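For reference, the structure is listed below as structure tokens.
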Amino acid sequence: VRGGAPTQALQPTSLQVAENDFITILGPSGCGKSTLLRIVAGLDTPTSGRVLLDGATVDGPGADRGMVFQSYTLFPWLTIRENVCFGLRERNMGRADQDERAKYWLAKVGLTGFENHYPKQLSGGMQQRTAIARALANDPKILLLDEPFGALDNQTRSLMQELLLSIWETDRKTILFVTH
């Protein structure tokens with residue numbers, strides 16, 4: 001805060017996450033859950049302490065961490081397939097490999113047949129499944145989810161939770177999941 005005392009968004013926290021862990025960070029609004037996740041993602045910088053991923057210090061965003069936000073963070077001018085391929089294209093992956101990976105993840109999240117649609121043509125649940133596919137297409141070491149189902153209705157939320165558990169079980173992903 002300018003001219004005032006700084007706000008402590010997060011108490012000192014120590015957390016060790018093993019490969020294929022599924023860790024849920026639960027707490028009321030304003031307790032620092034999202035701040036912790038953003039620090040792990042490299043989107044925010046801690047004022048003290050550090051985050052290590054496989055022994056390397058996290059000092060900014062990286063493809064080794066996939067982030068899915070509560071709001072649908074898709075590029076509206078890109079098709080669903082192009083959204084999923086975005087990070088792969090940025091990493092200069094070949095087009096055939098991009099298409100193969102997008103096809104796999106879109107099938108995994110139940111969006112086969114919607115590859116050429118734009119985000120505005122999809123429901124909220126479908127947009128969030130696209131965001132999850134986009135994060136997973138980069139094959140991150142850890143998937144970070146910040147209340148990704150908060151804006152969904154109960155039925156869609158339940159289906160998305162089942163989908164996430166299925167991905168965790170079959171694809172052996174390490175997951176940090178923030179919810180209230």
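Here ALA151 fulfils each of the conditions (1) open to solvent by 50 Å² or more (accessible area, probe 1.4 Å); (2) without any contact (Cβ under 8 Å) to a residue 40 or more places away in the chain; (3) among the aliphatic types (A, V, I, L, M); (4) part of a loop (DSSP other than H, G, I, E, B) apart from (2). If I ask for residues that are more than 13 Å from ILE132 (Cα to Cα) and open to solvent by less than 40 Å² (accessible area, probe 1.4 Å), which ones from region 155-170 would you list? Result: THR156, single match. So for region 92-105 (the condition being out of contact with any helix residue (DSSP H, G or I) (no Cβ under 6 Å at 6 or more places or on another chain), under 22 Å from LEU145 (Cα atoms) and open to solvent by less than 40 Å² (accessible area, probe 1.4 Å)), does at least one residue qualify? No, that holds for no residue.
The set of residues from region 46-76 being among the β-branched types (Val, Ile, Thr) and loosely packed, with under 12 Cβ neighbours inside 10 Å comprises THR47, THR57.
Taking the criterion of being part of a loop (DSSP other than H, G, I, E, B), out of contact with any Phe, Trp or Tyr (no Cβ under 8 Å at 6 or more places or on another chain), at pLDDT 90 or above and under 30 Å from GLU162 (Cβ atoms), would at least one residue in region 24-33 satisfy it? Checked against the condition, which is being part of a loop (DSSP other than H, G, I, E, B), out of contact with any Phe, Trp or Tyr (no Cβ under 8 Å at 6 or more places or on another chain), at pLDDT 90 or above and under 30 Å from GLU162 (Cβ atoms), region 24-33 yields no hits at all. Scanning region 82-125 for residues that are of a type in the set (A, V, I, L, M), under 29 Å from ASN154 (Cα atoms) and modelled with pLDDT of 90 or more yields VAL84, ALA102, LEU106, ALA107, LEU111, LEU122.
Could you list all residues from region 2-32 that are open to solvent by less than 100 Å² (accessible area, probe 1.4 Å) and touching a residue at least 40 places away in the same chain (Cβ under 8 Å)? Result: VAL17, ALA18, ASN20, ASP21, PHE22, ILE23, THR24, ILE25, GLY27, PRO28.
The values are calculated or read from the model by the stated rules, or taken from the named source; none is laboratory data. Predicted model, so just to flag it, every value in this text is computed and none were measured. When we count neighbours, we look across all protein chains shown, and the Cβ atoms used for this are built from the backbone with ideal geometry, even at glycine. Accessible surface is based on the protein model in full, side chains and every heavy atom, while ligands, DNA and RNA are left aside. Shrake-Rupley method; radii C 1.70, N 1.55, O 1.52, S 1.80 Å.
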